[in-house]
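A.B. asks: I'd like to ask some things about the structure below.
What follows draws every value from the coordinates through simple rules; no lab data is involved. Here the structure is a predicted model, which is why all the values come from computation and not from measurement. Backbone-built Cβ (ideal geometry, glycine too); neighbour counts: all protein chains shown.
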């Protein structure tokens with residue numbers, strides 16, 4: 001049904017620098033304008049194979065505010081498990097293949113946004129993002145990744161918009177990405193996308209986490225290549241106190257250990273050694289002008305103290321609000 005050149009957004013690098021800047025500039029122009037007709041007569045299918053709050057609410061609102069219709073579908077209540085492997089004999093749990101679902105939904109919708117389920121057992125398997133790749137391979141309309149195991153491009157777009165609004169020119173500004181303890185850590189997708197996004201903007205990065213919480217090797221290889229290409233710097237293995245010092249922004253996030261991925265007992269034991277990794281006023285004291293960001297949901301007084309979350313440093317609500325504007329801009333870019 002698409003009447004534009006087909007483009008998928010599985011990761012932020014699917015947008016070249018010109019396209020990324022256009023989307024971010026349009027995001028800023030859209031703020032405060034709650035009604036446009038760019039998607040009148042258009043339907044965007046939203047398929048959730050796991051839970052969502054901000055992504056679902058902001059995406060559905062974005063479609064409606066552009067005059068379109070959001071078709072919300074939730075796995076196991078609105079549809080069933082889908083087979084993602086090619087050439088298999090489908091005598092297992094899945095009654096339908098992604099190939100068939102994507103082909104049919106492309107006849108109904110002008111774009112499809114997917115939040116896939118994570119296997120959770122083997123990082124080498126989950127990192128391949130086979131589910132997203134299956135949709136992009138078989139859909140004949142743009143497919144947007146609403147957070148896979150490896151990437152969260154929509155969060156990175158909102159993060160860049162927030163950073164631009166509060167720091168202006170980003171080149172040579174410093175962001176400290178600090179791991180924080182949580183009993184329910186997420187995949188490293190947010191941090192992977194954030195890291196690449198800020199390096200492309202010329203920002204310098206201090207990455208602080210306990211041993212055993214290193215990011216994906218291939219993602220880091222790309223990050224080092226980006227730092228050379230865009231003249232940015234990456235400091236690895238930095239203690240949180242040093243990472244925060246002189247940072248313009250402190251980005252807190254809890255992510256799973258790839259080292260112990262799929263082993264909940266080992267993961268819990270590993271996390272229990274680092275419960276003191278949290279953001280509080282004492283940690284931020286060495287950088288009095290630093291602002292705080294976090295993708296949410298956030299565990300109060302576990303990951304970050306109330307005094308910081310509710311204080312003047314916090315950009316969390318603005319960051320979350322920017323999901324709406326940046327996703328509206330992305331939809332216009334893909335479907336105009």
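A.B. asks: Starting from 0.36 nm per residue, how many nanometres of slack lie between residue 265 and residue 211 once their C-alpha separation is accounted for?
C.D. replies: Length difference between fully extended and current span is 17.7 nm.
A.B. asks: Using a simple spin-label model with points 7 Å from Cα along the Cα→Cβ vector, what separation in nm is obtained for residue 121 and residue 52?
C.D. replies: 2.6 nm
A.B. asks: What label, among [x] 24.1, 76; [y] 19.8, 60; [z] 22.6, 80, belongs to Rg and Dmax of the Cα atoms in Å computed from the structure on display?
C.D. replies: The listed entry that was calculated here is [y].
A.B. asks: Still on this structure, please answer the following. Could you give the angle, 0 to 90 degrees to the nearest 10, between helix 98-108's Cα long axis and the longest principal axis of the Cα atoms of the chain?
C.D. replies: The answer is roughly 70 degrees.
A.B. asks: Let me ask something additional. What order do you get for 111-118, 32-39 when each peptide is scored by the mean count of other beta carbon atoms within 10 Å, highest first?
C.D. replies: Descending packing order for the listed peptides: 111-118, 32-39.
A.B. asks: Between rounded, prolate and oblate, where does region 1-147 land on the alpha carbon gyration tensor, with a ≥ b ≥ c its root eigenvalues, rounded for a/c under 1.5, else prolate if a/b exceeds b/c?
C.D. replies: prolate
A.B. asks: Let me ask something else about it. Please report the antiparallel percentage of the DSSP beta bridges confined to region 153-320, to the nearest 5. Could you put the intermediate results ahead of the total?
C.D. replies: Numbers: 0 of 20 bridges.
Around 0 percent of the beta bridges assigned by DSSP in region 153-320 are antiparallel ones.
A.B. asks: Please give the residues of region 111-127, grouped as numeric ranges, whose backbone N is less than 18 Å from a label point set 7 Å along the Cα-to-Cβ vector of residue 140.
C.D. replies: Taking a point 7 Å out along Cα→Cβ of residue 140, the residues of region 111-127 whose backbone N falls under 18 Å are 111-113.
A.B. asks: Helix-only mean residue ellipticity at 222 nm, the chain, DSSP H runs n ≥ 4 weighted -39,500 (n - 2.57), per residue, nearest 500. What is it?
C.D. replies: -11500 deg cm²/dmol
A.B. asks: Roughly what would the spin-label model give for residue 103 and residue 220, points 7 Å off Cα along C-beta, in nm?
C.D. replies: Distance between label points: 4.2 nm.
A.B. asks: Based on the Cβ-Cβ distance from residue 34 to residue 310, what FRET efficiency comes out when R0 is 30 Å, to the nearest 0.05?
C.D. replies: The pair residue 34/residue 310 has a calculated efficiency of 0.65.
A.B. asks: Once you sort the root eigenvalues of the Cα gyration tensor of region 153-320 as a ≥ b ≥ c, which label holds: rounded (a/c under 1.5), prolate (a/b larger than b/c) or oblate (the other case)?
C.D. replies: Oblate.
A.B. asks: Here's another thing I want to ask about it. How high is the FRET efficiency between residue 275 and residue 85 when r is their beta carbon distance and R₀ equals 41 Å, given to the nearest 0.05?
C.D. replies: Values: r = 39 Å, r/R0 = 0.96.
E between residue 275 and residue 85, to the nearest 0.05, is 0.55.
A.B. asks: Further question: Shape verdict for region 83-213, please, from the Cα gyration tensor: rounded (a/c under 1.5), prolate (a/b greater than b/c) or oblate.
C.D. replies: Judged from the Cα gyration tensor, region 83-213 comes out oblate (a/c at least 1.5, b/c at or above a/b).
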